[in-house]
Amino acid sequence: MTLSKAAGACIMFWQFAFSSGANAVVFVSSDINTTPAPDNFSICFDNSCQSISQLALSDDQWQGIRAIFLPGSETAGEERAMIGKAVARLEQIVGPMTGTENDKGLNKSSGNPAGHRMDCIDESTNTTTYLYMMQQDGLLKWHRLRDPVTRGFFIFGWPHTTAVIESREDHSLWAVDSWFYDNGLAPEILPLEQWQEGWRPAGS
């Protein structure tokens, strides 16, 4: 695993091991919980996991995440929409716990000197943590968690990293990218191939 930062760029190589459907995740810091659960997980912030908080959700908070996936999805597309809502809701819950509730998309400043900015390493790490917890709780019927992916290397601009899920149905890969938007808004979920070509939201 390698971490490099240049002029605010985001770049990190990740390693996952898949065994019996479970993920052994190697993150950028040994302080990150690599087997997160709702009552014990890590959140990164302050750019590339310079700060890490160990958190726990209440039973009611996690039940609220479970409720997003009820009564269940009929298609992979429906589940991706549920995943987006769940990631957004988790950011809304976690934000006040870590002081990241005012984090802005695209590394923009919140204007708050006490604010804790999150770059794409923080965002992809946290989204991967959330997806891991969803998967381990049996909430993902149509998808499984995969390795985060980095694009760029000065071909499509500064390097950038996203969380990734795979469709169990057709094995297509999907970027789950929460970095583009402010804290608490649903991430973009789009075909990984399109994301790797340098995709950005209109106007960004």
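The values are calculated or read from the model by the stated rules, or taken from the named source; none is laboratory data. Not measured: the values here are computed from a predicted model. For neighbour counting, all protein chains shown are included, and Cβ atoms are generated from backbone atoms with ideal geometry for every residue, glycine included. When the accessible area is computed, the model is the full protein with side chains, heavy atoms only, and any ligands, DNA or RNA have been set aside. Shrake-Rupley method; radii C 1.70, N 1.55, O 1.52, S 1.80 Å.
Can Asp119 be described as among the acidic types (Asp, Glu) and surrounded by fewer than 22 Cβ atoms within 10 Å (Cβ to Cβ)?
No, not satisfied.
So the check is Cβ under 6 Å with 6+ separation or different chains; which pairs have a first residue in segment 38-63 that's surrounded by 17 or more Cβ atoms within 10 Å (Cβ to Cβ) and a second one that's in a helix (DSSP H, G or I) and among the aromatic types (Phe, Trp, Tyr)?
Short answer, once both residue conditions are applied: Pro38/Trp62.
Which of the residues belonging to segment 58-100 are outside any helix (DSSP H, G or I) and either more than 17 Å from the chain's Cα centre (by Cα) or of a type in the set (Gly, Ala, Ser) (or both)?
Ser58, Phe69, Leu70, Pro71, Gly72, Ser73, Glu74, Thr75, Gly99
Could you count how many residues in segment 154-182 are buried (at least 21 other Cβ atoms within 10 Å of the Cβ) and either free of Cβ contacts under 8 Å to residues at least 60 places away in the same chain or in a loop (DSSP other than H, G, I, E, B) (or both)?
7
So Asp137 clears everything in (1) under 21 Å from Glu169 (Cβ atoms); (2) touching a Pro at 6+ places or on another chain (Cβ under 8 Å); (3) open to solvent by less than 10 Å² (accessible area, probe 1.4 Å) except one condition, right? Which one?
(3)
Could you please find all residues in segment 180-192 being at pLDDT 95 or above and touching a Leu at 6+ places or on another chain (Cβ under 8 Å)?
Pro191, Leu192
For segment 189-204, which positions are without any contact (Cβ under 8 Å) to a residue 60 or more places away in the chain and either open to solvent by 40 Å² or more (accessible area, probe 1.4 Å) or over 17 Å from Asp147 (Cα atoms) (or both)?
Selection gives Pro191, Glu193, Gln194, Gln196, Glu197, Gly198, Trp199, Arg200, Pro201, Ala202, Gly203.
Among the residues in segment 37-57, are any at pLDDT 95 or above and of a type in the set (Phe, Trp, Tyr)?
Checking segment 37-57: at least one residue is at pLDDT 95 or above and of a type in the set (Phe, Trp, Tyr).
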